[in-house]
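J.: Structure incoming, see below.
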Amino acid sequence: MADILTLTLSTLMSEPGLKRSTSPSSSSTLLVGGRGISRSLLLLAAVTAASELRVRVVFFTRTQIQSLPAPLQKRLPNQSPEGLKKITFCYPRTVEELLQQVASLHDSPPPSLIVVDRLEDFLCAPGLHPGERSCAAHLSALLCDTAAFLTQVLEQRPSGSAPCRILASYHSELDPGPAEADDCPTDPVLDVLDRYFQIRCTLDQDRGYGAAAAGLQELWHIYVSGGEATAWEDGPGGAQDWQLLVSPSGSIEFKVVCKHHCRSTHQAHDLSPQ
Amino acid sequence: MFWCHPIGWRNRRLPQTQDVKMRSFLPAVAEQLFRDIQKTYQETSKIPDDLLIALKFVFGPCALQALDLVDHRSVTCLTSPSGRKAFQVKGASGRLYTCFVSCHYCPCPAFAYTVLRRDEGLLCKHILAIYLCQALGLTQQESVSDQHMSALLGGSAAVDT
């Protein structure tokens, strides 16, 4: 799994068990689903990269960030202000502006992490339907090509801040749910994004009684798929499932669960490494 | 889809030479075909019929269209002072298509329809022409400003004809 996201989740762990790996890994990761929680994860990843890895981060989002998520507010007193200054927030209003700003990154100090919040805000805007696949492909390809170029630039520097990674989120209106069937309509934009992003982390909210019984506000399962999903290993065989637990206070906790506990209920979506 | 989640993506680095090479996300048979074409062309300055037939077999009708683009020296590798590179292919109509160095994308209608929508092809004639021009050493070289490179990559540059 993407190294920075792994590091971010490991900082949310209440129990030891997940390797806090920061070794260069997959360069592009797409968070799918969890429209509310994904922004918190992206912000946490940006802060983690800037403060712990001390690398430059560029954060693209269409909507202004009015307040920081609760788990981030709790962590902020522990963060170095200098580290947080390494995050540059950009607010493109349209996909054309986003394309232009990403295309200009080669002409500025190179970031090691490029975050794009809510791709659907750019790619699924009203009136964009003709050519939306091509637009999604253009943006994805530009992000990947930019990361590849910036990695080259960073590798030539002694700071050791290579590679440049991409972390983006996308929420599909055509949410297939855990019981995805072959005849379900597929999201054309997500289909294109999957071509370019190496790793997909699907966030699936558990709406059963388990979350309420545990006194949680929300319980999210994380399913990892893609070329290097097996890199996120923990324990013998890497046989884990991953959960995000949101408490009523808004704090987020990350938990590793043995896969055999949930296999019976989530077998259809079991994309975790074997 | 042979080129989604390409194996070896993070382990491949762009060559430091002036003649930048597009990363190949093609099946092994296509990569071997380009190697054979490159080797034979270097020795004889020709592409023999059997390799042309193989090219048509692997890539279908866009192979001939791509060869036509190669004949017209339609592929240019653009470089800006920052070191950023991109390919530009001049189509039969004179329109310029900007393609990326590290992954497959072309703004042409055929790529949007055949590759992205129908999932029936690996690439369009413009991307195939880039692979062929690199194998044959027929890629043109051109320098552009950083600002112009940004405009080309972002798709906001005026379409030249």
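J.: Quick one: which of A:93-102, A:135-144 comes out on top by average Cβ neighbours within 10 Å, and what's the full order, highest first?
T.: Averaged packing, sorted descending, gives the order A:135-144, A:93-102.
J.: Sort A:193-200, B:126-133 for me by packing, meaning the mean count of neighbouring Cβ atoms within 10 Å per residue, highest on top.
T.: B:126-133, A:193-200
J.: For the range B:28-161, give the magnitude of the charge dipole about the Cα centre (Cβ charges: +1 Lys/Arg, -1 Asp/Glu; no others), in debye to the nearest 20.
T.: About 200 debye.
J.: Return the inverse of the average 1/r over all pairs of distinct C-alpha atoms in the range B:75-126, which is the Kirkwood hydrodynamic radius, in Å to one decimal.
T.: 11.8
J.: Under the definition of partner shielding as Cβ atoms of other protein chains within 10 Å of a residue Cβ, what is the mean value for peptide B:75-83?
T.: For peptide B:75-83, the averaged partner shielding equals 2.
J.: Moving on to the next point. Which residue, chosen from B:Phe59, B:Ser156, B:Val115, occupies the Cα position most advanced towards the positive end of the dipole of the range B:41-161, where the dipole is computed from +1 (Lys, Arg) and -1 (Asp, Glu) charges on Cβ about the Cα centre?
T.: Highest projection toward the positive end goes to B:Ser156.
J.: Return the long-range amide H neighbours of A:Val116 (sequence gap of 5 or more, or a different chain), with a cut-off of under 5 Å between placed amide H atoms.
T.: A:Phe60, A:Leu167, A:Ala168, A:Ser169
J.: Could you compute the FRET efficiency for B:Gln42 and A:Asp107, with r as their C-beta to C-beta distance and R0 at 41 Å, rounded to 0.05?
T.: 0.65
Quick note: the coordinates plus some simple rules give every number you see, no bench work behind them. Note that the structure is predicted; figures quoted are calculated from it, not measured. Virtual Cβ from ideal backbone geometry, glycine too; neighbours counted across all protein chains shown.
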